[in-house]
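Each remark here refers to the structure printed beneath this line.
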Amino acid sequence: MLSFVIGMPCCTPAQSAANDVTRDIDPGIAVVIASTKAIDNHAHPVLPPPNDATDRGFDALPVDNMEPATDPVAWRADNPQLPAAWKALWGFDGTAPLDADGLKRLAAARAQVKAREGDHYAAWVLDQAGVATLLSNRVAMGTGLAKPRFQWVPYIDALLFPLDNSGLAGANPDRGQFFPLENKVRAQYLQAVGLKALPATLDDYLKQVVTPTLERQKSQGAIAEKFEAAYLRGFDFADVPREQAEKTYARWAKGGQPDAAEYKALQDFLFRYIAGECGRLDLPVHLHTMSGGGGYFDVSAGNPLLLESLFNDPKLRKTRFVMLHGGWPFVREAGSLLQKPNVYLDLSQQALTFPPRTLAGWLREWLETFPDKVLFGTDGYPFSESMGWEESEWIASRNARQALGLALTGMLRDGEINQERAEELTRMVLRGSAAKLYGLQ
Ligand SMILES: [Zn+2]
């Protein structure tokens, strides 16, 4: 039953007002949107019972301990979209924000479904959100998150920063938390290739650590690689000569705080090396491209236009890049980059943060220009007690579908496309383009 995902029957005036947008969607398009099971390009499912309480593998940089920042409305406890998700998922009636007692009752309602579904629970969540296949961005997968419905997208940032990171960690309190977490992931990657310390030369680091890590992840089922580098540095990955990177690496691999400019150049070299290897291994590269999270996030250094020299590198044309979260606030800049034959973007996180009509504005422009490069996504994530990955997956799926309906209806009514093309575009965005990109059914 998918029809509620686009327009559920409502119980209160507030909810019914929130769903007015569905009246502006062409009924023929609405039917196709509601009946198409999606490929979700990006989210962070939590392991189902019995591992749900202890699971931390849903993010390499869990963002629940950052310094206070001003959250967007959609992340707050009084997010007006929450009650409809609670009702649909758990049959739970409540008003946001929930008080302590309400949170307890919500947890009990959730626990009941978990007990009923057991290790099928995560797949049940996908069913409620109309998602057939989820590209699961996690450090590692686990019981209850199995192929073909859950496909693995591991993190690779840790290998960009092999040297002493205490200087970078000192930039601000949030990076002070991030870099030790990356150091931990890198230690795991070193251990997995049988090393306790960094090799002495860059050549050995690439041959003994970087390439084998990517190959291991691929052999363990990875279908893409994720960089959340925008949390850690800017997007200006220059094309640095190998000899220069070799010198920097050799000088500080054994310890000592590297010179900031030289370390940046080494990261630049490593990024392009990893991207090249991802092309060879047929692993599309996912990049976090959206403002946030956190109050110290460097918004201007995360402008996707800074990726252009990377996207224009002829050596990397075999590598497919996906700009996750569609680049907000740089949505037009991100859209312009879709003319590169190997560049895509997705709607994840945007579909949670922005109401459908707002999202439909720039989605329409993307669909009018490069419709085959736009992928459905949610960024379902365990944000809080009142918005778990389940609620965020459900809300974003509904918003993305409604935004798609509005954008295509506008194009249809303005005579830009006919009904048949609108339905074709629906299927492309919701699953067809992703199926092609990752070789999925
Ligand atoms: Zn994410």
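Using only the alpha-carbon atoms of region 349-409 as identical scatterers, what base-10 log of I(q)/I(0) does the Debye formula give at q = 0.13, 0.27 Å⁻¹?
Relative scattering, expressed as log10 I(q)/I(0), comes to -0.33, -1.04.
Could you estimate the translational diffusion coefficient of region 21-121 from the Stokes-Einstein equation, with Rh from the Kirkwood formula over C-alpha pairs, at 4 °C and 1.567 mPa s, in whole µm²/s?
Reported coefficient: 77 µm²/s.
How large a share of the accessible area of the chain, in percent, is made up of carbon and sulfur atoms when the probe is 1.4 Å and the other protein chains stay in place?
53
In whole Å, what three semi-axes, largest first, describe the equivalent ellipsoid of region 284-395 built from its Cα gyration tensor (square root of 5 times each eigenvalue)?
Semi-axes from the Cα gyration tensor: 24, 16, 13 Å.
Taking a probe of 1.4 Å, how large is the accessible area per residue of the chain, in Å²?
It amounts to 39 Å² per residue over the chain.
With the alpha-carbon atoms as the only input, what is the per residue convex hull volume for region 89-142 in Å³?
That works out to 124 Å³ per residue.
Quick check on the chain: helices-only [θ] at 222 nm, where DSSP H runs of length 4 and up contribute -39,500 (n - 2.57) each and the sum goes over total residues. Nearest 500, please.
After summing the helix terms and dividing by residue count, I get -13000 deg cm²/dmol.
Under 5 Å between amide hydrogens, which residues at least 5 positions from V322 or on another chain qualify, with H placed 1.01 Å from N in the peptide plane?
Those lying under 5 Å, H to H, from V322 are V285, H286, L287, Y344.
Over the Cα atoms of region 43-193, each weighted equally, I'd like the Debye log10 I(q)/I(0) at q = 0.13, 0.20 Å⁻¹, rounded to two decimals.
Result of the Debye calculation: -0.78, -1.31.
Can you quote the Å³ per residue value for the convex hull of the Cα atoms in region 115-197, rounded to an integer?
Per residue, the Cα convex hull of region 115-197 comes to 141 Å³.
Against the 2.2 N^0.38 Å scaling, with N counting residues, where does region 169-319 land? I'd like the Cα-based Rg ratio to two decimal places.
Ratio of Cα Rg to 2.2 N^0.38 Å: 1.04.
So what are the radius of gyration and Dmax for the Cα set of region 157-199, in Å?
Considering region 157-199 through its Cα atoms, Rg and Dmax are 10.8, 33 Å.
Would you please put 79-92, 393-406 in order of how densely packed they are, using the mean number of other Cβ atoms within 10 angstrom per residue and starting with the highest?
Ranked from most to least packed, the peptides come out as 393-406, 79-92.
Can you pull the percent of Cα pairs in the chain with separation above 38 Å?
21
Using a 10 Å cut-off on Cβ atoms, rank the peptides 316-328, 290-302 from the highest mean neighbour count down.
316-328, 290-302
For region 390-441, with equal point scatterers placed on the C-alpha atoms only and solvent neglected, what are the log10 I(q)/I(0) values from the Debye formula at q = 0.16, 0.22, 0.25 1/Å, to two decimals?
-0.56, -0.86, -0.95
The values are calculated or read from the model by the stated rules, or taken from the named source; none is laboratory data. As the structure is a computational prediction, the values presented were derived from the model and not from experiment. Methodologically, a virtual Cβ is constructed for each residue, glycine included, from the backbone with ideal geometry; neighbour enumeration extends over all protein chains shown. Areas reflect the complete protein model, heavy atoms only, side chains present, ligands, DNA and RNA absent. Shrake-Rupley method; radii C 1.70, N 1.55, O 1.52, S 1.80 Å.
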